[in-house]
1. What FRET efficiency comes out for Arg86 versus Asn26 if R0 is 22 angstrom and r is the Cβ-Cβ distance? Round to the nearest 0.05.
2. Each label point is 7 Å from the Cα along the Cα-to-Cβ direction; what then is the distance between the points at Ala39 and Ser79, in nm?
3. In whole Å, what are the Cα extents of region 24-66 along the three principal axes, biggest one first?
4. Fully extended, how many nm does the chain gain between Asp118 and Ile61 (0.36 nm per residue separation, minus their Cα-Cα distance)?
Amino acid sequence: MGILCQAAPGDTADPAMRVFVVFETNPLIAADLIGTLKAAFACRVIHAESPAHIPEALDSIRTVSAAFLEMRAEDVTKSRLDQLLRTRGAKLVLTRGDPAIGDVLPPDVTLLARPFTDTMVLDALKSAPNPGGPQAAR
């Protein structure tokens with residue numbers, strides 16, 4: 001299976017539980033991003049090994065707060081991950097360097113440019129769905 005980890009807690013029936021998807025090929029960046037999310041929120045983080053494994057990982061998950069994807073905007077669209085994630089309410093955050101020339105971001109997609117800090121990660125989530133209200137953040 002292409003899922004590296006499904007960070008606990010796994011009970012997504014809790015309405016205050018946020019679900020985040022992380023596709024990041026650099027293990028240090030992935031660990032830092034996952035650590036930031038888990039420190040800030042009561043959440044479940046799904047760390048996918050490749051974009052192709054994300055649909056399988058989300059098979060039984062109805063709501064996703066945000067997806068952090070190490071991808072170009074056009075690749076997210078070509079893979080149809082944008083549709084899959086948006087149907088689950090996800091905020092799309094691309095975790096790359098500066099956009100390539102001609103790489104146009106849709107208005108609802110955020111670029112989290114490297115190197116990023118914990119504050120930048122949390123700022124990228126300001127418009128992400130918050131199922132449990134302000135109390136969901138620790």
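1. 0.30
2. Calculated label separation equals 2.7 nm.
3. Extents along the principal axes: 25, 24, 11 Å.
4. Gain on stretching Asp118 to Ile61: 17.9 nm.
Coordinate-derived values only; no laboratory data. Note that the coordinates shown come from a computational prediction; the quantities given were computed from them, not determined experimentally. Neighbour counts are summed over all protein chains in view; Cβ atoms, including those assigned to glycine, are modelled from backbone coordinates with ideal geometry.
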